[in-house]
Amino acid sequence: MTNRSYLLPETLEEVTKLLDEYGPEILVMAGGTLAMPLINEGVSTPEIVLGLKRAKLNYLRKSNGIFVVGATTSLTQMTEQSDIPVLREAANAVGGWAIRNMGTIGGNLFAPPPGGDFAVALLALDAELKFVGKNGARVMPLDEFYTGFLTNRMVPGEILSEVILPIPKGSSAFIKYGRRHTNTPSIVAVAINIVFDGDMVEEARVALNAVGPHPFRAKRVEAYLQGKALKEEVALEAAELATTEIEPFTDPIASEWYRRKMVPVIVKRALERLIA
């Protein structure tokens, strides 16, 4: 690592001042699970690194039905919380124990597919992102954050400080399908949250990852499910509809063809978990 400065601010205010001072020259690093491999291999050679491990952004708070997660909260911390089980399950599905101990919730949102599976669960729960910069704070739905492969709507001089989401009212399911049972990149990851009114679907959120340029909500599937009784035939039709919203790719993990074939299988399995 050939940087000339490693900055360790201890408050969010210090972080924003340093971002403003150094501008695009600075590399912001939380757990380092994304940045350090690139630095060690010489792909990335930042001169100035801003580390967030002392910035006091690793916290979990619950108040008035809202769950707030600090951006540098580790994936391991998420596996130990009990307020939202689907987030615990999604965190457990990311990497092995070493990655979960170092990797952060905020950092995982910036992982290129087939990584970034935690975002799928957050999308299914209508999470919002809070950004802070020298001009103050703004909040954006996670569903509006991604714009393409490794591109998003965060602006220079900002930092992601929190993830904010309502405590789920509905029933949730998460499935990550890979070559192995644990510590494996995704072929497809699915998260679903459904609010029922009796037997009918009042509201549905269906999110996918590893089958497009970034994690996303399958909004055609959501619209199809709304107002229907969740039965086997409905789950099957919804799962097939999901294939119209994906942009699968080929990588060393799986081919575009195989990802496309597995999407309806995994979506149907996730929906079946929610059938009463």
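The values are calculated or read from the model by the stated rules, or taken from the named source; none is laboratory data. What you see is a predicted model, and the numbers here were worked out from it, not measured in a lab. FYI the Cβ positions are ideal-geometry reconstructions off the backbone, even for glycines, and counts take in every protein chain you see.
Could you tell me how many of the residues in the stretch 116-142 are crowded, with 20+ Cβ neighbours inside 10 Å and not in a strand (DSSP E or B)?
Residues that pass the stated criteria total 12.
State whether the residues of the stretch 39-49 include one that is under 28 Å from PRO166 (Cβ atoms) and without any contact (Cβ under 8 Å) to a residue 12 or more places away in the chain.
Going through the stretch 39-49, the residues under 28 Å from PRO166 (Cβ atoms) turn out to be none.
No, because not a single residue in the stretch 39-49 is under 28 Å from PRO166 (Cβ atoms) and without any contact (Cβ under 8 Å) to a residue 12 or more places away in the chain.
Those residues that are within 15 Å of TYR177 (Cα to Cα) and in a helix (DSSP H, G or I), I need them from the stretch 240-256; list them, please.
Answer for the stretch 240-256, where residues must be within 15 Å of TYR177 (Cα to Cα) and in a helix (DSSP H, G or I): just GLU256.
Determine if the stretch 82-89 includes at least one residue that is within 22 Å of ALA191 (Cβ to Cβ), assigned by TED's automatic domain parsing to the domain that holds GLY133, at pLDDT 95 or above and part of a strand (DSSP E or B).
no
Starting from residues that are among the β-branched types (Val, Ile, Thr) and touching a residue at least 60 places away in the same chain (Cβ under 8 Å), keep the ones in the stretch 16-38 and report whichever is nearest to LEU109 (Cα to Cα). If you could, list the steps in order and put the result at the bottom.
To start, the set of residues in the stretch 16-38 that are among the β-branched types (Val, Ile, Thr) comprises 16, 26, 28, 33.
Now narrow it down to the ones that are touching a residue at least 60 places away in the same chain (Cβ under 8 Å): 16, 28, 33.
On the way: THR16: 20, VAL28: 14, THR33: 12 Å.
Here the answer is THR33.
Can you spot a residue in the stretch 144-152 that is under 15 Å from the mean Cα position of the chain (by Cα), surrounded by fewer than 19 Cβ atoms within 10 Å (Cβ to Cβ) and in a loop (DSSP other than H, G, I, E, B)?
Keep residues of the stretch 144-152 that are under 15 Å from the mean Cα position of the chain (by Cα), which gives 144-152.
Add one more test, that the residue is surrounded by fewer than 19 Cβ atoms within 10 Å (Cβ to Cβ), and what stays is 144, 147-152.
Applying the additional criterion that residues be in a loop (DSSP other than H, G, I, E, B) yields 149-150.
Yes, some residue in the stretch 144-152 is under 15 Å from the mean Cα position of the chain (by Cα), surrounded by fewer than 19 Cβ atoms within 10 Å (Cβ to Cβ) and in a loop (DSSP other than H, G, I, E, B).
What residue, among those in the stretch 87-109 that are in contact (Cβ under 8 Å) with a residue 60 or more places away in the chain and more than 20 Å from TYR59 (Cβ to Cβ), is farthest from the chain's Cα centre (by Cα)?
Only one residue fits best here, namely GLY96.
If you check ARG205, ARG269, which single one turns out to be of a type in the set (Lys, Arg) and either free of Cβ contacts under 8 Å to residues at least 12 places away in the same chain or in a helix (DSSP H, G or I) (or both)?
Working: ARG205 fails: either free of Cβ contacts under 8 Å to residues at least 12 places away in the same chain or in a helix (DSSP H, G or I) (or both).
So the residue among ARG205, ARG269 that is of a type in the set (Lys, Arg) and either free of Cβ contacts under 8 Å to residues at least 12 places away in the same chain or in a helix (DSSP H, G or I) (or both) is ARG269.
Return the residues of the stretch 169-199 that are over 18 Å from the mean Cα position of the chain (by Cα) and of a type in the set (Lys, Arg); say none if nothing qualifies.
LYS169, ARG179, ARG180
Please work out which residue is surrounded by the fewest Cβ atoms within 10 Å (Cβ to Cβ), limiting yourself to the stretch 153-168 and to residues that are among the charged types (D, E, K, R) and either touching a Ser or Thr at 6+ places or on another chain (Cβ under 9 Å) or closer than 17 Å to PRO24 by Cβ (or both). Even if it seems obvious, please write down each step before you answer.
Initial filter on the stretch 153-168 (among the charged types (D, E, K, R)): 153, 158, 162.
With either touching a Ser or Thr at 6+ places or on another chain (Cβ under 9 Å) or closer than 17 Å to PRO24 by Cβ (or both) added as a condition, the list becomes 153, 158.
Numbers: ARG153: 12, GLU158: 19.
Only one residue fits best here, namely ARG153.
Of the residues ARG220, ARG180, only one is in a helix (DSSP H, G or I), free of Cβ contacts under 8 Å to residues at least 60 places away in the same chain and surrounded by fewer than 20 Cβ atoms within 10 Å (Cβ to Cβ); which?
Answer to the check: ARG220.
Out of all the residues in the stretch 97-109, which are surrounded by fewer than 20 Cβ atoms within 10 Å (Cβ to Cβ) and under 20 Å from PHE174 (Cα atoms)?
Taking the stretch 97-109 and keeping what is surrounded by fewer than 20 Cβ atoms within 10 Å (Cβ to Cβ), we get 97-99, 101-102.
Correct list: TRP97, ILE99.
Which condition does LEU122 not pass, out of (1) in contact with a Phe, Trp or Tyr (Cβ under 6 Å, 6 or more places away or on another chain); (2) farther than 28 Å from TYR6 by Cα, if it passes all the others?
Going through the list (1) in contact with a Phe, Trp or Tyr (Cβ under 6 Å, 6 or more places away or on another chain); (2) farther than 28 Å from TYR6 by Cα, LEU122 breaks only (1).
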